[in-house]
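Visitor: Got a structure for you, written out below as structure tokens; questions coming shortly.
The values are calculated or read from the model by the stated rules, or taken from the named source; none is laboratory data. Bear in mind that the values here come from a model prediction, so they are computed numbers and not experimental data. Heads up, the Cβs are rebuilt from the backbone with ideal geometry, glycines too, and the neighbour counts pull from every protein chain shown. For the accessible areas, the whole protein counts, side chains as well, though only heavy atoms, and no ligand, DNA or RNA atoms are used. Shrake-Rupley method; radii C 1.70, N 1.55, O 1.52, S 1.80 Å.
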Amino acid sequence: KYFRESAYRLEELLEKKILVLDGAMGSMIYAHEPTEEDYRGERFKNHPVLLKNCTEVMCFSQPSMIKKIHMEYLQAGSDIIETNTFNSSVICMEEFALQDHVRELNIAAAKIAREAADEMTKLTPAKPRFVAGSIGPTKKSLSLSVDVNNPASREVTFDEMVANYYEQIEALVEGGVDILLPETSFDTLVMKACIFAIQSYFEKTGNILPVMVSGTIFDNGRTLSAQPIEAFYVRQL
């Protein structure tokens, strides 16, 4: 049994037609040419670390910009919009000294997207809109060594990746997403950790949502760790 009624509506629609996902959030933000001050806003005016290019923090500093981008995708015909949370996990936010704000970042982003989607659904009830919680791959790898002289060397463990993702998943659901979207995976074992975190969350809370998955396939038709698409699929089962 799904946690939200929207999941049943989503499945019903998918049986009848292809639904359209939005496009990139980052490039849309960069098109506004935001400055360091725009990223910081008033809340992080005196933050000790530069925040430029931390697009996720703009859910705090520039929420109206983020909502406007969501609305533009919805008005262009998107059925599903992604939250501005691609890097909103502890591992990623440590780079900007924002790891203590991860939960709040995800909730804020989900609420902004939720508001935009609900407004469009109200305008066009026959075309309901959905929110997918974007969960990025981080910059870490579990399949590849970080030391050419030590094949077993890793920067992070599987359990650490699971914990990293669990916190983000919990906050996205609290914020109101309809779907969980682990996306743009270049490492199938990292994706496996994310799927495990999602399953653990479902089992612990009973809050079950639809899950979408996307991976990054390079010119040779394989992932960064040289797996074909079929292997990527099988490893997530």
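Visitor: Which pairs do you get when a residue that is hydrophobic (A, V, I, L, M, F, W, C), found in the range 110-134, comes within reach of a residue that is at pLDDT below 95 and open to solvent by less than 60 Å² (accessible area, probe 1.4 Å), reach meaning Cβ atoms under 9 angstrom, with the pair 6+ apart or on two chains?
Guide: none
Visitor: When you look at Leu224, is it in a loop (DSSP other than H, G, I, E, B) and open to solvent by less than 30 Å² (accessible area, probe 1.4 Å), yes or no?
Guide: no
Visitor: Given the condition in a loop (DSSP other than H, G, I, E, B) and open to solvent by 60 Å² or more (accessible area, probe 1.4 Å), answer yes or no: does some residue in the range 89-108 qualify?
Guide: As a first pass, look at the range 89-108 and keep what is in a loop (DSSP other than H, G, I, E, B): 89, 97-98.
Now restrict to residues that are open to solvent by 60 Å² or more (accessible area, probe 1.4 Å): none.
No, the range 89-108 has no match at all.
Visitor: Also: With the requirement that a residue be at pLDDT 95 or above, over 19 Å from Val90 (Cβ atoms) and open to solvent by less than 70 Å² (accessible area, probe 1.4 Å), what does the range 125-173 give you?
Guide: Lys127, Pro128, Arg129, Phe130, Val131, Ala132
Visitor: Take the range 89-113 and flag every residue that is over 15 Å from Ser61 (Cα atoms) and out of contact with any Ser or Thr (no Cβ under 7 Å at 6 or more places or on another chain).
Guide: Val90, Met93, Glu94, Glu95, Ala97, Gln99, Asp100, Arg103
Visitor: May I ask you to list the residues in the range 178-199 that are under 12 Å from the mean Cα position of the chain (by Cα) and open to solvent by 10 Å² or more (accessible area, probe 1.4 Å)?
Guide: If the condition is that a residue be under 12 Å from the mean Cα position of the chain (by Cα) and open to solvent by 10 Å² or more (accessible area, probe 1.4 Å), then Glu183, Thr184 are the ones that fit.
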